[in-house]
Each structure stands twice: as structure tokens, then as C-alpha cells.
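Visitor: Right, I'll just put the structure down here and ask away after.
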Protein chains: 2
Amino acid sequence: MRVKTLCLGALCLGDATGYDIKKLFENAFNHFHSASFGSIYPSLKKLEEEGHVSHRVEAGEKHPDRKLFRVTDEGRATFLAQLAQTPASEQLRSEFMVLLFFAHLLPTEILQQKLAEMEAHYSQELNYLESLSGCEGHTSGIDFTIGMGKSVLRTKLDYLHHHRETLLASHQNRPDSQNIRQTESSS
Amino acid sequence: MRVKTLCLGALCLGDATGYDIKKLFENAFNHFHSASFGSIYPSLKKLEEEGHVSHRVEAGEKHPDRKLFRVTDEGRATFLAQLAQTPASEQLRSEFMVLLFFAHLLPTEILQQKLAEMEAHYSQELNYLESLSGCEGHTSGIDFTIGMGKSVLRTKLDYLHHHRETLLASHQNRPDSQNIRQTESSS
DNA sequence: ACGAATATATATCAGAATGATATATATTCG
DNA sequence: CGAATATATATCATTCTGATATATATTCGT
């Protein structure tokens, strides 16, 4: 889904600045999507050119230059249509699994360190999602994403705990574990 | 991790063409990474300019124009160093969860359809990973990624099965469910 | 009270990646 | 025997990221 569409959706929840939308992505969308300022601001510009949103400047009050965007009726209709047509899909991008894929090329101590690092990230994200569970005002759909996110993270942590030692043991005994430093050469 | 680095890693497993590398990403990396031809071919070009890989043309045999790439000693060392420095991290991009986040704006039947669609994808990917488990010749690291992938997919399917009906029920009873077609207007 | 760090806020840009498209041959399959 | 699929390389417009620039307000420790 294009960042443009995502911005339009964000504005369907209420008026917001580009900065506000970024914060929404960092908070509510945290565990399943992200977008940078470099895509948000140009998106808002295009949305306005297309008549999907309008903006007024809130100046003077606190900070200057607060461009508060609002979705138009036409923009709202467009978002609804695009949303209904968006296929349900997911794509994981895991540097962690790339590391595991090539783990036989790494020293065991580095592998150990990467596993610990990933575990820490998982725990941190689980904590975050658990803190979100406490909050009120969530729709049932949002609760579903949080609940699913928590279940997945618990599964990942469990998997890590149950297979960590086995992995490390077989990594240390892997064939070629000496060939990392000396590649085919008999120094 | 840059596609350039990923290509270098792929070539550390054996000589390959750009096409072969794409196939590797589609098969072995399937559940945790992807890359398109539009990034692979330019990456190989740059890697060669930098002296990390070399190539020879395999012509005549079957198809013409098979550019078979091979990593140089320097390229292998570079990849090992970059791999060890890569932080363990993961990023999910889920259109499915975006749909759930905005589910209150959709008719219940569409939501139902999206849930079914996602379930089908999960099942399909689980089947694929289970077929990979049967194969031999995997390092312990690769087995770990497959095992973790399977566990996560089973958790997602379980979550879907256990919360589907509850979500659908509360979606049908959500406030504003009539306001989707008629926005504040009393036609 | 003061300086540092952080938060609010917008904007641009180089570099990277996607997804589509073009081109061409070989193989498989009904 | 024609269609579809697989093999193979390459380019390009559009999109996105991550970094950088700019400026003010607030918070926090000392």
C-alpha cells in the first residue's frame, strides 16, 4: 500500500499534520508498517493537488508552520474504495534470518550475540504491545492486530528459548568451522 | 541489508547468474526477504566494478548470454565482515493489519473476505515451509529459520481461528456501522 | 539560571528498490 | 502445433528510505 493511501487513511481518523501522521505510524502502526518524512510530505502535497485533502495553517499559537490537513469527502470515498480493493498480504523482512541463513560463515560467538540481540528486540516489542493492550478506545480490529502481534512475539521468544542451545551446539560442531580464517591456503 | 550485500552472499554459496540469484531469493529466502531483477542486475554490475565478483559468459550451450558470476577472495572477505556487522532485526509489512486497523470503515462481508484471503496465504506458506523441511542438505541455521517460520505461521492460523468469530461479531455491532454509505447526510 | 537534550514541525535530496516492460530463445504440455 | 511457461538479461519511471538542513519550544539535570 502506497504511503499516499496510508496518509489518506490517517486523515480519515481526524485532522493531522505530516508530523502527526509520522507519530501515528510510529505508535499505532509500529509493529506492522512504517514510513518516513521523505515519503509523507510529498504524499500530502500530491493528495492536495488531487483534491483529496485540504489544509489550513495554524500559526502563532505555539510553533509556527503547523499545516493541519483535512480529508475531503472525495478523499474519504477514494480511501474507502482503495481499502476495499487492497489484498490481504504480509511480507517479512528479516536480517536476523539472513544472518541465520549464512550462520555457518560466522564464528559461534557472533551467532550467539545475534541471537541475544534478536531476543532483546522481541522482548522489547512484546512489552510495547502489552502496554498498548491496557489502553482503551481501540476498535476490535486494532485489538486483533495487537493480540496477534503479541501471540507471534511469544511464539518467537519460545522458539528462541527452545532451539537456541541445540543450534549453538550444532554450529560449533559444523564441518568447515576451521575454514573461516584460512580459505584453502595452508599458511 | 542492501541487495548488493545479499548478492555477494548468494555468490559465496556458489557461482550463479543474476537469474539464479533471483530464484534463490524466491525459494530459500522466500519467507524472510525478497529482491527484484531491477536491483539484482545493477548490484552485480557494481560488485564487479568494485572487484568483489568476476564473470565469464557461458554461451552456445543452451541459452545464450548466461553471465556466470563468481565471488573473488576479496569479495568473500568483504561479505564476511559485513555479515558480522549486520544487526539482528526484523520488520513486518502487513497490509492485512492495515486493513484490520481501518476495518471499522469496511462492510463486514469485505472484512470476512480479507480474513479468508489471509488465512489462505498463511496455509499456503506453511505448506511450502513444511515441504522444505523434508529436504536434506540444510545447515542448522537454515533449519532454524524454517522451524521458526512454521511455528509463527501455526500461531497466526490459530489466532485467526480463535478470534475470527469474535471479531466478526463485534464488527457487525460496531457503532457507526450505518454511516458507511450515508455520511452525515439524511438522503 | 543555564546549557543540553529532546520534542515539535517542515522540507529536500541522493541513493536504493520496486514493479513494469522489452527482448529473445527453449521447453513443456495439452 | 500453438500456447504457456521457464530461462536469461537489461532498463526505466516511480516510489521510498535515510540523511540532512532549519528553526523554535520544552524539559531536565546541575
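Every number here is computed from the coordinates shown, using simple stated rules; none is lab data. In this text the structure is predicted, and so the values were computed from the model without any measurement. Cβ atoms come from the backbone with ideal geometry, glycine included; neighbour counts cover every protein chain shown.
Visitor: For B:R70, place a label point 7 Å out from Cα along the Cα→Cβ vector, do the same in each other copy, and report the separations in nm, one decimal, smallest first.
Guide: Spelled out, the distances from B:R70's label point are 6.8 nm.
Visitor: Classify region B:3-85 as rounded, prolate or oblate, taking a ≥ b ≥ c as the square roots of the eigenvalues of its Cα gyration tensor: rounded when a/c is under 1.5, otherwise prolate if a/b is larger than b/c and oblate if not.
Guide: Oblate, since a/c reaches 1.5 and b/c is not below a/b.
Visitor: Using 14 Å as the cut-off for backbone N distance, which residues of region B:40-54 belong to the label zone defined by a point 7 Å from the Cα of B:D65 along Cα→Cβ?
Guide: Counting backbone N atoms under 14 Å from the label point, the list is B:41.
Visitor: Tell me the distances, shortest first, between A:E90 and the same position across the other copies, using label points 7 Å along Cα→Cβ, in nm to one decimal.
Guide: Inter-copy label distances (nm, one decimal, shortest first): 0.9.
Visitor: Measuring from a point 7 Å out along Cα→Cβ, what nm distances, shortest first, does A:D176 have to its partners in the other copies?
Guide: So the distances to the same position in the other copies read 5.6 nm.
Visitor: Shifting gears a bit: With label points built 7 Å along Cα→Cβ from the Cα atoms of A:N30 and B:S36, find their separation and express it in nm.
Guide: Between A:N30 and B:S36, the label points sit 3.2 nm apart.
Visitor: Counting pairs of alpha carbon atoms under 8 Å apart in space and at least six apart in sequence, what relative contact order in percent does region B:95-172 give?
Guide: Over region B:95-172, the number comes to 42 percent.
Visitor: Step through the table entries A:K4/A:K156; A:K150/B:K150; A:K114/B:K45, compare each Cα-Cα distance with 25 Å, and write down the pairs that go over it.
Guide: The answer is A:K4/A:K156; A:K114/B:K45.
Visitor: If contacts are Cα pairs under 8 angstrom and at least 6 residues apart, what is the relative contact order of region B:15-113 in percent?
Guide: 22 percent.
Visitor: OK, next. Tell me, what is the percent relative contact order of chain A, built from C-alpha pairs under 8 Å that lie six or more residues apart?
Guide: 18 percent
Visitor: Can I ask one more? Are there any helices in chain B, counted as whole DSSP H runs, that stretch 15 Å or more along their axis by Cα and score at least -1.0 on average by Kyte-Doolittle, and if so which?
Guide: Span-like helices in chain B: B:37-49, B:73-85, B:108-134, B:140-172.
Visitor: Which residues make up the longest stretch of chain A that has no GluC sites (Glu not before Pro) in a DSSP loop with at most 16 other Cβ atoms within 10 Å? If you can, show how the numbers build up before the last one.
Guide: Working: sites that count: A:E50, A:E61, A:E136, A:E184.
After excluding every exposed loop site, the longest remaining stretch is A:62-135.
Visitor: Given a Förster distance of 45 angstrom, what is the FRET efficiency for A:H162 paired with B:A169, based on the Cβ-Cβ distance and rounded to 0.05? Don't skip to the end; give the middle numbers.
Guide: Working: r = 35 Å, r/R0 = 0.78.
That gives a FRET efficiency of 0.80.
Visitor: For every helix of n ≥ 4 consecutive DSSP H residues, a contribution of -39,500 (n - 2.57) applies; sum these over chain A, divide by its total residues, and give [θ] at 222 nm rounded to the nearest 500 deg cm²/dmol.
Guide: -20000 deg cm²/dmol
Visitor: Something else about it: At a Cα cut-off below 14 Å, give the aspartates and glutamates reachable from B:K67, other chains included and same-chain residues fewer than 8 away excluded.
Guide: Straight-line reach from B:K67, under 14 Å: B:D15, B:D20, B:E48, B:E58.
Visitor: Going 7 Å from the Cα of B:D176 in the Cα-to-Cβ direction, what parts of region B:72-102 have a backbone nitrogen less than 12 Å from that spot?
Guide: The answer is B:102, whose backbone nitrogens lie closer than 12 Å to the label point.
Visitor: Now for a different question. Rounded to whole angstrom, how close does the nearest chain B beta-carbon get to the axis mapping B onto A, and which residue is it?
Guide: Nearest residue, distance rounded to whole Å: B:T155, 2.
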